[in-house]
Amino acid sequence: MTWTIGNNLLFLLVFLSGFAALIYQLIWTRLLGLVFGVSSLAVATVVGVFLLGLGLGSYFVGKWSEKSENPLKLYMLIEVAIAGLSIFSYVVVSFLDIYQYIYELSYNSFDLYGISIIRLLLSILILLPPVFAIGGTLPLLSKYFLTVPETLGSNFSRIYFLNTVGAFTGALSTGFFLVKYLGVLQTFMIAVGVNLLIAGLILLFKNMTSPRKTSPGKSLPATYMLAVLFLTGFISLSYEILWVRILSTYDLSTSQSFAVIVSGFLLGFSVGSWILSRRIDDIQNHRHVFGAFCILTALSGACVLWLFRRFDDISLAFGNILNADLFSVSLGLAFLTSFIPAVCMGVLFPLGLRVYIDTVDAVGFKAGKVFFANTLGCVAGSLFTGFCFIPFLGMWNTTLILINLSLILGLVLVLGKQKIGYRYVVSFLLVFVLANALVFTDQKSFHKDIEGFDVIYYEEGLSGTVSAIERKGYRGLFVDGQNVSGTDFVLAADSKMLAHLPLLLVSEPDNALTVGYGTGATSYSMLLHGIDVDAVEIEQKVVDAGYLFEKVNNHSYRNPRLDIILDDARSYIDAGDIDYDAIVTDVTNLKYKRNPYLYTKEYFELMRDSLDEGGVAAAWLPVGGLSFQDLQILIGTFDHVFPHTTVWYFTQYPTHFIIVIGTPEKTRVNISKLKQGMEPVLKDLKSIKVDNVYEVASMLLLGEDDVDRLVAGAELHTDNHPVLEFSDMGMYMQIDVEPNLKALLDYQKEDLNQYFTGREQQLEKLDEYFEKYQSFYQNYIRRYEANMKRHDNG
């Protein structure tokens, strides 16, 4: 006897299986990113192992399914295994110190290649068991459901459609809702619960019937389709990697943007397979149709490239028409541009399986081989595109390769047809010319065009696209469309004061660490204190652009006392074995890529644990581009780890940042010693119009008690609840600092003089400076409010 269930229940289970699988993928990427970091190599290792595990599971479980007369029961057991193995792996990563110890030991013992091998082995240890089981689900479902040759194509397209819709729902809900409202662990446990729910529903509603009879037929599988499906997998994942990179240059470098693009792909795949399910059984020549859709994929890829080069203009136009904020419109356009070509790709996989499989004989094993071939192509596409094509050929040439690879693939498949009409030849030539024309008539770079500025540097690196612009002596550095730093007074003050303030509060510092090299200005200013400096930078091309910013870095990249470490900052601080007298975190927009990971409670704890006794921690925080509530969360999270936290703001002219500084004891600064410490760096301070010790001291904006009042009751930003990753996305592109500065000043109640010691005359003069800059801030805010009022009145 064998188990059966109703088709409607089966379709629900197929949907839920895809839903859980995408949650696992996104959560595992997050969790292992906290251990290995988020460098391109680390992320590619995790994604590659995940995809490889799916492929291996598809192949071997598909093979084993042929030995079972009860595939539904085996599927139920696989779902239970996914839940159990996932929980076990989560416990190993999160709670067993030996796992972290092995990685830290290898990190400090091996070079880059050795670390990469250890990272690969640890990823396999954690990911392969549960992901192997996930990969076996669709072959088992195929074995159970595909029993009639006449409906083989439509039935497989149907379950592929439902599974992919589930994956789309899992990606979208995880990216926008589940992690935001429930947290990472709770979202992970939802996926576990879904696996157990699937198993429970099968056990509860199963029927006992005689084994199903199938009509196996006699035809052999078209083995060449395995190579074809490898290539289509290669193309599809290459496009996903490529489009995420291109869109990141247009202010779409957030976790939400990534979720939208992945969701667009998945929904496109599901819609394509749904459309196919309604027609596939009536198609006379599946190979011919497969070739035609390869050609359509090429054309859609060229159209997407054309749209990307005009992405800002199109987003702005739609924003004006819809009266919507630019970020939301950009997200919608990103979704559409990934969705439309994915519809064509979504047709290819089930159609390719139908070309390969003509009968239901050994359908589980055959489906497993198809999944394995396609998944191997996805792994190859991800690795080749991320590590070879984009860094060495560029995104424009990568697009050209993928377009023409699709065209060649389509042509080869159609040439297998005995007769090709002239209409098809003409159509193919027209598509070939049009697709390549759309590419060749466009420029080869992808960056934000800023009117009046010349692009003087452009490189596409492993982790980001780096560009530098210039106008009238000013130079600015951009990474993925984010303004990292520049040579104007405000940005120079940003870089220099992040170096000087914490080091001036350390007694006789010997070394310091700065997170992010940028233009090299912070590293240079740190070196002036006569110490050894380490700078952690994730993208080599940023360092390569350093020669363009010698005005602010004075060739700091050549200084023998500076060690530039190419790595993810969190991974380095966590696994490295060096303690510092000062550690400063200086990143760009808090929503950018994985930057929120550099402001969680756990990250600040890593900073604290990597400080020498008496060491000082500092973090750059934006005043604009986020709500005041978010600013409270940021400061509160830092203050939770560093109870002696003070907030500092630049005094000489309006700037867009504050610096939070955590000291081991309550801040007490001797004015005379501060003046003495400034002597070696006074010339550097004067370059940003800081002329004396009182101007530095009066940068103190909030004392410890002020900070405690400010953050009372504020939510913490943690690895499990990364609230800042999701909050107030509507303010993502806004930069006004005055409202938040005003709100900060409302909490200034302490006598800030108490944080300083010195002669009575010195303290009186400092008090005058505090009053001077208080008046300056208030006038600055009043002018802003008056301008806003005039603007509102028309």
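Screening the candidates 152, 122, 162, 146 for the property of being within 20 Å of residue 19 (Cα to Cα) and surrounded by 17 or more Cβ atoms within 10 Å (Cβ to Cβ) yields one hit, 162.
Looking across 303, 294, one residue alone is open to solvent by 30 Å² or more (accessible area, probe 1.4 Å), assigned to a helix (DSSP H, G or I), more than 27 Å from residue 726 (Cα to Cα) and not β-branched (Val, Ile, Thr). It is 303.
Condition check ((1) among the aliphatic types (A, V, I, L, M); (2) open to solvent by less than 20 Å² (accessible area, probe 1.4 Å); (3) in contact with a Phe, Trp or Tyr (Cβ under 8 Å, 6 or more places away or on another chain)) across all residues:
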{"position": "521", "(1), (2), (3)": "yes, yes, yes"}
{"position": "527", "(1), (2), (3)": "yes, no, no"}
{"position": "530", "(1), (2), (3)": "no, no, no"}
{"position": "570", "(1), (2), (3)": "no, yes, yes"}
{"position": "578", "(1), (2), (3)": "yes, no, no"}
{"position": "582", "(1), (2), (3)": "yes, yes, no"}
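Screening residue 646 on (1) touching a residue at least 40 places away in the same chain (Cβ under 8 Å); (2) part of a helix (DSSP H, G or I) shows it passes everything except condition (2).
Given the structure, is residue 277 in contact (Cβ under 8 Å) with a residue 40 or more places away in the chain, open to solvent by less than 10 Å² (accessible area, probe 1.4 Å) and hydroxyl-bearing (Ser, Thr, Tyr)? When the stated conditions are applied, residue 277 does not pass them.
Residues that are in contact (Cβ under 8 Å) with a residue 24 or more places away in the chain, in contact with a Phe, Trp or Tyr (Cβ under 8 Å, 6 or more places away or on another chain) and open to solvent by less than 10 Å² (accessible area, probe 1.4 Å) are absent from the stretch 587-598. Can you tell me how many residues within the stretch 546-561 are open to solvent by 20 Å² or more (accessible area, probe 1.4 Å) and either without any contact (Cβ under 8 Å) to a residue 60 or more places away in the chain or of a type in the set (S, T, N, Q) (or both)? Of the residues in that region, 9 qualify. For the stretch 65-95, which positions are open to solvent by 80 Å² or more (accessible area, probe 1.4 Å) and either without any contact (Cβ under 8 Å) to a residue 12 or more places away in the chain or within 27 Å of residue 42 (Cβ to Cβ) (or both)? Scanning the stretch 65-95 gives 67, 88, 95.
Looking only at residues of the stretch 309-357 that are assigned to a helix (DSSP H, G or I) and of a type in the set (Asp, Glu), we find that the one that is most open to solvent (accessible area, probe 1.4 Å) is 313. Please work out which one of (1) open to solvent by 70 Å² or more (accessible area, probe 1.4 Å); (2) modelled with pLDDT of 90 or more is the condition residue 783 fails and give its number. So the condition that residue 783 fails would be (2).
Residues in the stretch 29-44 include at least one that is open to solvent by less than 20 Å² (accessible area, probe 1.4 Å) and of a type in the set (Phe, Trp, Tyr). State which residue is farthest from the chain's Cα centre (by Cα) when the search covers only the stretch 174-185 and only residues that are in contact (Cβ under 8 Å) with a residue 24 or more places away in the chain and either part of a helix (DSSP H, G or I) or closer than 15 Å to residue 79 by Cβ (or both). Only one residue fits best here, namely 185. Residues that are outside any helix (DSSP H, G or I) and more than 23 Å from residue 573 (Cα to Cα) are absent from the stretch 154-164 altogether.
Out of 609, 630, one residue alone is more than 23 Å from residue 460 (Cβ to Cβ), in contact with a helix residue (DSSP H, G or I) (Cβ under 9 Å, 6 or more places away or on another chain) and free of Cβ contacts under 8 Å to residues at least 12 places away in the same chain. It is 609. For the stretch 645-670, the set of residues classified as open to solvent by less than 10 Å² (accessible area, probe 1.4 Å), modelled with pLDDT under 95 and touching a Lys or Arg at 6+ places or on another chain (Cβ under 9 Å) consists of 651 only.
Of the strands (runs of 3 or more DSSP E) lying entirely inside the stretch 396-499, those containing at least 2 residues that are open to solvent by less than 50 Å² (accessible area, probe 1.4 Å), in contact with a Phe, Trp or Tyr (Cβ under 8 Å, 6 or more places away or on another chain) and modelled with pLDDT of 80 or more span 465-471, 474-479, 482-486.
Criterion first (among the β-branched types (Val, Ile, Thr), touching a helix residue (DSSP H, G or I) at 6+ places or on another chain (Cβ under 7 Å) and open to solvent by 10 Å² or more (accessible area, probe 1.4 Å)) does residue 134 satisfy it? So residue 134 passes the test.
All of (1) open to solvent by 30 Å² or more (accessible area, probe 1.4 Å); (2) modelled with pLDDT of 95 or more; (3) of a type outside the set (S, T, N, Q) hold for residue 194 with one exception: (1). The number of residues in the stretch 662-718 that are under 34 Å from the mean Cα position of the chain (by Cα) and part of a loop (DSSP other than H, G, I, E, B) comes to 9.
Within the stretch 504-514, one or more residues are part of a helix (DSSP H, G or I) and either open to solvent by 20 Å² or more (accessible area, probe 1.4 Å) or out of contact with any Phe, Trp or Tyr (no Cβ under 8 Å at 6 or more places or on another chain) (or both). If you filter the stretch 231-249 down to residues that are open to solvent by less than 10 Å² (accessible area, probe 1.4 Å) and among the hydroxyl-bearing types (Ser, Thr, Tyr), you find that the one that is nearest to residue 51 (Cα to Cα) is 238. The number of residues in the stretch 599-624 that are open to solvent by 20 Å² or more (accessible area, probe 1.4 Å) and either on the phi > 0 side of the Ramachandran plot or over 23 Å from the mean Cα position of the chain (by Cα) (or both) comes to 6.
The values are calculated or read from the model by the stated rules, or taken from the named source; none is laboratory data. All figures in this text were calculated on a predicted structure; none of them were measured in a lab. Here the Cβ is made from the backbone with ideal geometry for all residues, glycine too, and neighbour counts use every protein chain on show. Please note that ligands, DNA and RNA were not included when accessible areas were found on the heavy atoms of the full protein model with its side chains. Shrake-Rupley method; radii C 1.70, N 1.55, O 1.52, S 1.80 Å.
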